[in-house]
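The values are calculated or read from the model by the stated rules, or taken from the named source; none is laboratory data. Since this is a predicted model, take the numbers as computed values, not measurements. We place every Cβ from the backbone using ideal geometry, glycine too, and count neighbours over all the protein chains shown. We work out accessible area using only protein heavy atoms, side chains counted, and drop any ligands, DNA or RNA first. Shrake-Rupley method; radii C 1.70, N 1.55, O 1.52, S 1.80 Å.
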Amino acid sequence: MRISDVLVEKLLKSTGKFTDEQIKVLRDQEKTEKKPLQDILIKNSVITEKDLTKLYAQEVDIPYIEFNARELSRDVLKLIPERIARQYKAVVFDVAPDGNYLIALEDPDDIQSINFLRKQLGANIKLHIAPASMITAALEQYRGNISSELTKVISNEAETEESEEEISEDEVAEDSPIAQTVNLIIEYGVKASASDIHIEPREGYVVIRYRIDGVLREANKLPRKVLGALVSRIKILSNLKIDEHRAPQDGRFKVEVAGMVYALRVSTLPIVDGEKVVMRILNETTKPATLEELGFWGSALKNIQKAMVQPHGMILVTGPTGSGKSTTLFSVLSILNNPSVNISTVEDPVEYRIFGANQTQVNPMAGMTFTNGLRALLRQDPNIIMVGEVRDGETAQLAVQAALTGHLVFSTLHTNNAATCLPRLLDMGIEPFLIASTVRIVVGQRLVRRLCIDCREKYTPEATDLKRLESTFHLGENGIMKRLHELEDEAYADGVGKSDKDDTKLGSTESTITRLWKAHPDGCDNCNHTGYRGRMGIYEVLDNSSSIQKMIVTNETSENIQKTAISDGMVTMQIDGLVKALRGQTTIEEVLRVTSQE
């Protein structure tokens, strides 16, 4: 839907939320960037696509509609053939009791499409306006599941006797069955909200697996004979050497699925049965999440917000691979990003692009290591520096020196929790007094699966459950249960776990736990029948208080540092996870799955 600039301006004024001066700034930006005002508004998050579509619907007096694309009936959807639906950006989302076809359009001014739809379905149609993203999501529902789609494509390939024969150019061309297969594999991964796609050769077949919400799931098996062409097609897209089969390679390419741009980070690895390919999916059009959306609340949120605005110092994020450290730093840097500061990063690899930041990719072959990159950055007049990972003493020394000389430094470390991060820096040869004076906070984190809000189930824990919880979380210790209840009350006040479908009742009292949540065993359509939908972080934020600083200088153990931090008010990852389980955001099993080593 394209709305004229004049009408967009009129719609903004009708809300009463925008002054003439604000609108003038937006119009000036429109002239500078030579983009429609509508695009400028949505790109800068001045107004959401949904809100702008609602205002437009009111202006043209056509009902506005929102729907969940996954819940649409395929039989109803196919009342309009896929080719026509895509051409006119229109879908039938329901049939009214009186027999009227309820149609959602992106552009109600397209008279040609409306006339055609009337010829196709008859006069008994009722038009609605829906956001473009919802129409696009609905159009994707015309596709079947990956197994049926891949079977259809693969069956079109000519049968070949040998699996290891040379790959011809025709086999990997844009319109070849193999190219379609790669497109389908990627599209399914995007639609399933997968973070990684694994293409793994086995002795007699090729298995396709997706990591969804942190758990690998097998989706399909392909004939062994397609492996060579499949890997070659991905290598061509990633600009890799297609004749190199004995050494690992890394590449990257972009695709557009359902109107959104995704970057795929590709890694190939020779294994016994052939070449394995893993593709990491990164949504480049997604907006950075706020700290609250990531899962920060209470004292953890206040401490990280306080540390972020310091003129200098170090903020460290710890956790194993895949625990969301890069996502946390991406959100923090996006909050700090504005034209008055110079943000420079050295990363391996660059996962998220930050508009306006200077991001450098590590390349050891060319001599661009973390150490060399950081040393060069310090000559570039940065205000904020992000080092992807502190891996050795030299990088750690440079990062500390940068923090001492007036820079705000962000980095990650691979340690089990926040407290063990400080002795780890000591092991790298950093003087204790330097750690005490430069580190502002340390964030420890893990990712847990988020319960599907549409089908989750609440239950009252039995005596055996309570006994297990008491043992695991030390709830029997003096004052712990009361403290947990206070934390849940604080989390509820901060909006943790609040939703239209939730009641206001807390899951704990000062003496016991009264309510917990679990995943529905069969799930629902909205969560692909898994019971979980998406992931969220559980955190501990260690504030480098004066008592902690004294312990660092005297080389105290991480256990003692942890105890002091807890007595100072730090909420541990396990307790943060327990509070979120009480609030219906995850399950006890999920929390224990990712924190059991603690």
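Using the Karplus relation 6.51 cos²θ - 1.76 cosθ + 1.60 with θ = phi - 60°, the per-residue 3J(HN,Hα) values for the stretch 487-498 come to 5, 5, 4, 5, 5, 4, 5, 8, x, 6, x, 7 Hz, with x marking Gly and Pro. Near Val439, the amide H atoms lying under 5 Å from its own belong to Met314; only residues 5 or more places off or on other chains count, and H is placed 1.01 Å from N.
Bridges between two residues of the chain, per DSSP, are antiparallel at a rate of about 65%. Kirkwood radius, the stretch 240-365, all distinct C-alpha pairs, inverse of mean reciprocal distance: 17.2 Å. Residue by residue, the stretch 17-34 carries 3J(HN,Hα) couplings of 9, 10, 7, 4, 5, 4, 5, 4, 4, 5, 5, 5, 5, 4, 5, 5, 8, 6 Hz when phi is fed to the Karplus relation 6.51 cos²θ - 1.76 cosθ + 1.60 (θ = phi - 60°); x denotes Gly or Pro. Here Asp243 sits with roughly 120 square angstrom of accessible surface, probe radius 1.4 Å.
At an R0 of 30 angstrom, the distance between the Cβ atoms of Thr472 and Lys498 translates into a FRET efficiency of 0.70.
A cysteine counts as unpartnered when no other cysteine's C-beta lies under 4.7 Å of its own; in the chain this applies to Cys421. Close amide-amide hydrogen proximity is noted between Lys276 and Leu269, Ile271, each under 5 Å apart and 5 or more residues distant or on a separate chain (H modeled in the peptide plane; Pro and chain starts excluded).
Dipole magnitude for the stretch 501-598: computed about the Cα centre from +1 point charges on Lys and Arg Cβ and -1 point charges on Asp and Glu Cβ, it is near 220 debye.
For the stretch 4-121, what log10 I(q)/I(0) values come out of the Debye formula at q = 0.10, 0.14, 0.17 1/Å, with one point per alpha carbon and no solvent? Values returned for q = 0.10, 0.14, 0.17 Å⁻¹ are -0.41, -0.72, -0.92. When only alpha carbons are used to place a centre, the stretch 99-137 and the stretch 567-598 end up 47 Å from one another.
Applying both filters, DSSP loop and at most 13 other Cβ atoms within 10 Å, to the GluC sites (Glu not before Pro) of the stretch 276-318 gives Glu284. Heavy atoms of the protein chains alone define the surface here; on that basis the stretch 181-261 has 45 Å² accessible area per residue at 1.4 Å probe size.
Modelled this way, with points 7 Å down the Cα-to-C-beta line, the labels at Asn526 and Asp98 are 3.0 nm from one another. Sparsely packed loop sites in the stretch 15-81 (the GluC sites (Glu not before Pro) outside DSSP H, G, I, E and B with at most 13 other Cβ atoms within 10 Å) comprise Glu66. Would you mind calculating the gained length between Lys17 and Ser195 on full extension (0.36 nm times residue separation, minus the Cα-Cα distance), in nm to one decimal? Between Lys17 and Ser195, full extension yields 60.3 nm more.
Keeping every protein chain present and rolling a 1.4 Å probe, give me the accessible area per residue for the stretch 54-108 in Å².
Values: 2880 Å² over 55 residues.
Here the residues of the stretch 54-108 average 52 Å² of exposed surface.
Taking 0.36 nm per intervening residue step and subtracting the Cα-Cα distance, what contour gain separates Asp381 from Gln305 on full extension? Could the numbers behind the result be given before it?
Working: separation 76, 0.36 × 76 = 27.36 nm, distance 2.40 nm.
That works out to 25.0 nm of additional length.
Along the stretch 567-572 the Karplus relation, 6.51 cos²θ - 1.76 cosθ + 1.60 evaluated at θ = phi - 60°, assigns HN-Hα couplings of 5, 7, x, 5, 8, 6 Hz to successive residues, with x for each Gly and Pro.
On C-alpha positions alone, give me the angle between the axis of helix 177-191 and the longest principal axis of the chain, in degrees, nearest 10. Computed tilt is about 60 degrees. Calculated from DSSP H runs of 4 or more alone, at -39500 (n - 2.57) each and per residue, what is the 222 nm mean residue ellipticity of the chain, nearest 500? Estimated from H runs of four or more residues: -11500 deg cm²/dmol. Packing, as the average of other Cβ atoms within 10 Å across residues, places the peptides 342-355, 229-242 in the order 229-242, 342-355, highest first. Each principal axis of the Cα cloud of the stretch 458-598 was evaluated for its coordinate range; sorted largest first, these ranges are 55, 31, 28 Å.
Just subtract the alpha-carbon distance of Phe433 and Ser340 from 0.36 nm times their residue separation and send over the number in nm, one decimal. Don't skip to the end; give the middle numbers.
Working: separation 93, 0.36 × 93 = 33.48 nm, distance 3.18 nm.
Full-extension gain reported as 30.3 nm.
When +1 charges are put on Lys and Arg Cβ atoms and -1 charges on Asp and Glu Cβ atoms, the dipole computed for the chain relative to its Cα centre reaches about 900 debye. How much FRET efficiency would the formula 1/(1 + (r/R0)^6) give for Ser547 and Thr32, where r is the Cβ-Cβ distance and R0 is 41 Å, rounded to 0.05? E between Ser547 and Thr32, to the nearest 0.05, is 0.20.
Name the lysines eligible as straight-distance cross-link partners of Lys235: C-alpha to C-alpha under 22 Å, and not fewer than 8 places from it in the same chain. Filter leaves Lys221, Lys225, Lys254, Lys276. Given the stretch 267-421, what percent of its DSSP beta bridges are antiparallel, to the nearest 5? Percent antiparallel among DSSP bridges in the stretch 267-421 is about 25. Label zone (Thr554, point 7 Å along Cα-to-C-beta; backbone nitrogen cut-off 17 Å) within the stretch 403-431: 423. Looking at the stretch 345-482 alone, DSSP beta bridges between its own residues are antiparallel in about 10 percent of cases. Element breakdown for the chain at a 1.4 angstrom probe: carbon and sulfur atoms account for 49% of the accessible area. In this structure the amide hydrogen of Arg535, modeled in the peptide plane, comes within under 5 Å of the amide hydrogens of Arg450, none closer than 5 places in sequence on its chain.
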